[in-house]
Amino acid sequence: MAIITDSIEKNGEISFREGGSEPFEFHYYDKDRVIGGKTMGNQLRFAMSWWHTVNASGADMFGGDTMDKTGGLSGMEKYRAKADSAFGFMKKLGIDYYCFHDVDVAPEGETLEESVKYLNEMTDYLLAKQNETGIKPLWVTANMFGDKKFMAGAATSPSADVYAIAAGKVKAGIDAAVKLGSAGYVFWGGREGYDTLLNTDMSLELDNLGRFMTMARDYARKVGFKGDFYIEPKPKEPTKHQYDFDAATCANFLRRYGLENDFKLNIEANHATLAGHTFQHELRVAAVNGMFGSIDANQGDLLLGWDTDQFPTNVYDTTLCMYEVIKAGGFVNGGLNFDAKARRQSNTIEDIVLSYIAGMDAFALGLIKAYEMIEDGRIEKFIEERYASYRDGIGRRIVEGKETLESLAAYAAGLRNVTPGSGRQEYLETVFNEILFSGKK
Ligand code: XLS
Ligand code: NI
Ligand code: NI
């Protein structure tokens, strides 16, 4: 099987080497290094995305494949060979988790029944591989956007039959999650949105989506799924408007349909920027709402208006990401799934390995730097002082809910020359740069 060949086999498992600079080794990621009381491996919980890593072939809107990951095989044999490669790849990189859509790991049949049969066969195969290696899924999902029947959505389709097929796929996905010991199940909206309101009953579509997720939650809890459901916000692409637009929209949706105790958010960096937000913003909104769950780690190109799914190498962003993760209490069931692919021109097996090393190292460095920010303390101290007026006096009474509009009006009546003080943005950015580039490792 050609996907991950022997070309890097001679190097054995890829590991950290102090002061190392060879391409096939980690320069920052040291899985067993303890930082903040936990190993880097446990802090970062890296996952391999099956669709990009095992299946994506470099095709884009303007051209075909630039890589062949089929090894010339077809049918179930191809899927088994891909699974062998995937587990070999994860072992080599020391990755303990993977994420997949139903159709990534097994072929689609002509009917739901047939598809489920193939999926069951392949999850047996995956389970055997898991038992050999200890690797397991971070989350499972169902692809409800690729096939023609999903052109108008799945749980928001105008066709009730499509809705029913989607429900059957999610049932099978949840069964797979339980069987494989996955502590996560993801809903990414795919085509759950609209292209034009001229043909859309938004009210019915939203209610149907709420009902769909409620049914999924109820079924999953009944069959013993104890993990988290996640919604993965994305504002657009492929539809013009997706109902899971951003973290704030999803939080509102989840509360409206009473799903907030079972669902969290899976924040994807590139989706955040498509929504006109920073990655850090989306993480903060999720955390503030008690819905921080997991992360799809990648990065976009700010000059391109779509989800380019590049491997994350921007250390400003990985540091601010890990800062938010630490502040949110760290991952529980979630982790960092590389929803990322090597560029179309990076079309060798080595490039896939190098991409993962780049992403894992960028996050390891981000983790180190995030802890340095916390130890340094200047940024947090500044924020603490900035809000000091809420710790006693009138501010404290506001926070404790003891004031009214009238009492505040009376208090404020004679105040003069009131100012909140400088926000010191440039100073704080300098502190951040100093931490990033002070040369400590
Ligand atoms: C697409 C999404 C997708 C989800 C899983 O933009 O990121 O890959 O993560 O369906
Ligand atoms: Ni994603
Ligand atoms: Ni995406």
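The values are calculated or read from the model by the stated rules, or taken from the named source; none is laboratory data. Model, not experiment: these values are computed from the prediction. Note: ideal-geometry Cβ built from the backbone for every residue, glycine included; neighbour counts use all protein chains shown. These area figures cover heavy atoms from the full protein model, side chains too; ligands, DNA and RNA do not enter into them. Shrake-Rupley method; radii C 1.70, N 1.55, O 1.52, S 1.80 Å.
A few notes on this one:
Residue by residue, here is whether (1) open to solvent by 10 Å² or more (accessible area, probe 1.4 Å); (2) in contact (Cβ under 8 Å) with a residue 60 or more places away in the chain; (3) among the hydroxyl-bearing types (Ser, Thr, Tyr); (4) not in a helix (DSSP H, G or I) holds:
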| residue | (1), (2), (3), (4) |
| --- | --- |
| 121 | yes, no, no, no |
| 127 | yes, no, no, no |
| 140 | no, no, no, yes |
| 155 | no, no, no, yes |
| 166 | no, no, no, no |
| 171 | yes, no, no, no |
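- Within the range 53-78, tally of residues that are exposed (fewer than 14 other Cβ atoms within 10 Å of the Cβ) and touching a strand residue (DSSP E or B) at 6+ places or on another chain (Cβ under 8 Å): 0
- Given (1) outside any helix (DSSP H, G or I); (2) in contact with a helix residue (DSSP H, G or I) (Cβ under 6 Å, 6 or more places away or on another chain), number of the condition residue 414 does not satisfy: (2)
- Some residue of the range 233-240 being within 16 Å of ligand 3 (Cβ to nearest atom), part of a loop (DSSP other than H, G, I, E, B) and either of a type in the set (A, V, I, L, M) or closer than 27 Å to residue 175 by Cα (or both): yes
- The condition of being open to solvent by 60 Å² or more (accessible area, probe 1.4 Å) and either in contact with a helix residue (DSSP H, G or I) (Cβ under 9 Å, 6 or more places away or on another chain) or closer than 23 Å to residue 291 by Cβ (or both) holds for only one of 316, 323, that being 316.
- When 155, 176 are screened for being more than 16 Å from ligand 2 (Cβ to nearest atom) and touching a strand residue (DSSP E or B) at 6+ places or on another chain (Cβ under 8 Å), only 176 passes.
- Test: residue in the range 204-213 that is outside any loop (DSSP other than H, G, I, E, B) and closer than 21 Å to residue 331 by Cα: no
- Among the candidates 272, 251, 287, 297, residue that is more than 16 Å from ligand 2 (Cβ to nearest atom) and under 15 Å from the mean Cα position of the chain (by Cα): 287
- Extreme residue, most open to solvent (accessible area, probe 1.4 Å), among residues of the range 14-52 that are closer than 17 Å to residue 338 by Cα and of a type in the set (D, E, K, R): 31
- Only one of 236, 226 that is away from ligand 2 (no atom under 16 Å from the Cβ) and either under 24 Å from residue 335 (Cα atoms) or within 20 Å of the chain's Cα centre (by Cα) (or both): 226
- Restricted to the range 337-346, and to residues there that are within 24 Å of the chain's Cα centre (by Cα) and either surrounded by fewer than 16 Cβ atoms within 10 Å (Cβ to Cβ) or among the charged types (D, E, K, R) (or both), the residue that is nearest to ligand 2 (Cβ to nearest atom) is 339.
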